[in-house]
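Working notes, structure below.
The values are calculated or read from the model by the stated rules, or taken from the named source; none is laboratory data. Because the structure is predicted, anything quoted here is derived from the model rather than measured. Every residue, glycine as well, gets a Cβ built from its backbone with ideal geometry; the counts of neighbours run over all protein chains shown.
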Amino acid sequence: MAKLTNELSWSRTRMSTLKTCRRQYYYQYYQKWGGWGWDAPEESRQAYFFSKMTNLPMLVGHAVHETIKRVLTDLRDFNEVRLEDPGLYLRKNFLTKTWKDAEQELWRKSVKNHPPVFELYYQRQPSPAALKQMGANAAEAIATFLGSDFYIELMKDNKSDWLAVDPEPSFDESTKLKLKGRTIWALPDFARRKDGKCEIWDWKTGRKNEHDELQLLSYALYARDTWGFTPEDIRVFGYYLKNNEIVEYPCNGERMEFIEAEIDRNFETLQGLLTDIPGNVPKDKNEAFPMIEDLSTCDQCFYRQLCDR
Ligand code: SF4
């Protein structure tokens, strides 16, 4: 197997982390690197541990995405949904399991398979009623999806028109999405051919935010370069399950130029934090990646123990 290297790449999450806090970015994209190895330095092991942490909103998002993925792969592969109770599947396999594993601190055995949960680790445990409500909200998001006109349409679709159902990231150089030779991480939740165009969908469990359009446009790049659609033949949608609202964001040649220029600017910023650009070697932690002063952000940060905040 080829040796993993820490290459400089672009993702919307990476840019959000950098915007939130440079020190957090350093922990997430540099200090943690190699921290999974038995002989890794202690500071890398610690950063790796916190990089695997999740919290309740993330857990809900993950559970909803995985359940929709299971429903759609069943539909695609068997033309029927074999899950008897998607709401129960979501709770049992993701929410309850992850929570209980974290309560038992199974992350001591494998942090990759049993992530620590922020609310437990930092003793912010919600009340049993709040936890129950969270489970109900997640199940409600699935019920919204399964009760939607869109889902009825999907059931009737010719499944050979489906281009992707929550694909796994590929680390194979030949299939990575590249822009000017640089790796871009952008994978849509769902894509299909519809009336000669490509539809890209992203399931949202949180509220709308300013980054959503950028994220969906990065998926449009994926559709253009992977399946060969022109920008005018790509449509991008966010499905906000909490409010059962579908938002279509504009996609055309101009918007694609915008996202490409934005990614170029982002790479310039990221490269400015390096002493060796081809080697992706960061500048000094204390000089280029300072901690922030806003303690309310630190209060929610997975790495707060490393910063003693
Ligand atoms: S605890 Fe605060 S300063 Fe430290 S990484 Fe997190 S957000 Fe940044």
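Pairing residues of segment 154-181 that are assigned to a helix (DSSP H, G or I) with residues that are surrounded by 15 or more Cβ atoms within 10 Å (Cβ to Cβ), at Cβ distances under 6 Å and at least 6 apart in sequence or on separate chains, gives D161/R192; D161/R193.
Could you please find all residues in segment 93-123 being in a helix (DSSP H, G or I) and over 15 Å from K52 (Cα atoms)?
Pass one, segment 93-123, residues in a helix (DSSP H, G or I): 93-103, 106-108, 118-121.
Correct list: N93, F94, L95, T96, K97, K100, E103.
Checking G206, G238 one by one, the residue that is of a type in the set (G, A, S), part of a loop (DSSP other than H, G, I, E, B) and in contact with a helix residue (DSSP H, G or I) (Cβ under 8 Å, 6 or more places away or on another chain) is G206 and no other. State all residues of segment 250-309 that are basic (K, R) and free of Cβ contacts under 8 Å to residues at least 60 places away in the same chain; if no residue qualifies, say none. Result: R255, R265, K283, R309. Out of the residues in segment 1-54 that are of a type in the set (D, E) and more than 15 Å from the ligand (Cβ to nearest atom), which is nearest to E105 (Cα to Cα)? Per the criteria, the residue is E42. Is one or more of the residues making up segment 243-257 away from the ligand (no atom under 16 Å from the Cβ), part of a loop (DSSP other than H, G, I, E, B) and more than 24 Å from H211 (Cα to Cα)? Scanning segment 243-257 turns up no residue that is away from the ligand (no atom under 16 Å from the Cβ), part of a loop (DSSP other than H, G, I, E, B) and more than 24 Å from H211 (Cα to Cα). In the set W38, W10, W33, only one residue is closer than 26 Å to L177 by Cα and out of contact with any strand residue (DSSP E or B) (no Cβ under 9 Å at 6 or more places or on another chain); that residue is W33. One residue stands out among those in segment 261-288 that are in a strand (DSSP E or B) and under 20 Å from W185 (Cβ atoms): the one that is nearest to the ligand (Cβ to nearest atom), which is P282. Here K19 clears all of (1) over 24 Å from A138 (Cβ atoms); (2) assigned to a helix (DSSP H, G or I); (3) touching a helix residue (DSSP H, G or I) at 6+ places or on another chain (Cβ under 8 Å) except the condition numbered (3). Evaluate the following for M58: is it free of Cβ contacts under 8 Å to residues at least 12 places away in the same chain and either assigned to a helix (DSSP H, G or I) or away from the ligand (no atom under 16 Å from the Cβ) (or both)? In short, yes.
Whenever a residue of segment 7-27 is β-branched (V, I, T), its partners that are assigned to a helix (DSSP H, G or I) and within 15 Å of the ligand (Cβ to nearest atom), lying with C-beta atoms within less than 6 angstrom and at least six residues away or across chains, give the pairs T17/Q24; T17/Y25; T17/Q28. Selection over segment 248-296 of residues that are out of contact with any helix residue (DSSP H, G or I) (no Cβ under 8 Å at 6 or more places or on another chain) and under 13 Å from L216 (Cα atoms) gives a count of 2.
This table checks each residue for (1) in contact with a Phe, Trp or Tyr (Cβ under 9 Å, 6 or more places away or on another chain); (2) at pLDDT 95 or above; (3) under 26 Å from R193 (Cα atoms).
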| position | (1), (2), (3) |
| --- | --- |
| E42 | no, yes, no |
| S51 | yes, yes, no |
| V64 | yes, yes, yes |
| V71 | yes, yes, yes |
| L106 | no, yes, no |
| A130 | no, no, no |
| N137 | no, no, no |
| L146 | no, yes, yes |
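Taken together, I263, I234, I246 contain a single residue that is surrounded by 18 or more Cβ atoms within 10 Å (Cβ to Cβ) and within 21 Å of the chain's Cα centre (by Cα), which is I263. Do we find a residue being basic (K, R), over 15 Å from F289 (Cβ atoms) and surrounded by fewer than 20 Cβ atoms within 10 Å (Cβ to Cβ) anywhere in segment 20-34? No: zero hits.
Of all the listed residues (G181, G196), the sole one being among the small types (G, A, S), surrounded by fewer than 19 Cβ atoms within 10 Å (Cβ to Cβ) and farther than 20 Å from E153 by Cβ is G181. May I ask you to list the residues in segment 55-84 that are surrounded by 15 or more Cβ atoms within 10 Å (Cβ to Cβ) and within 20 Å of E103 (Cβ to Cβ)? N55, L56, M58, L59, V60, H62, A63, listed by residue number.
Note on segment 186-203: residues that are in a strand (DSSP E or B), of a type in the set (A, V, I, L, M, F, W, C) and over 21 Å from V60 (Cβ atoms) total 3. Take segment 289-309 and flag every residue that is more than 8 Å from the ligand (Cβ to nearest atom) and among the hydrophobic types (A, V, I, L, M, F, W, C). Correct list: F289 only.
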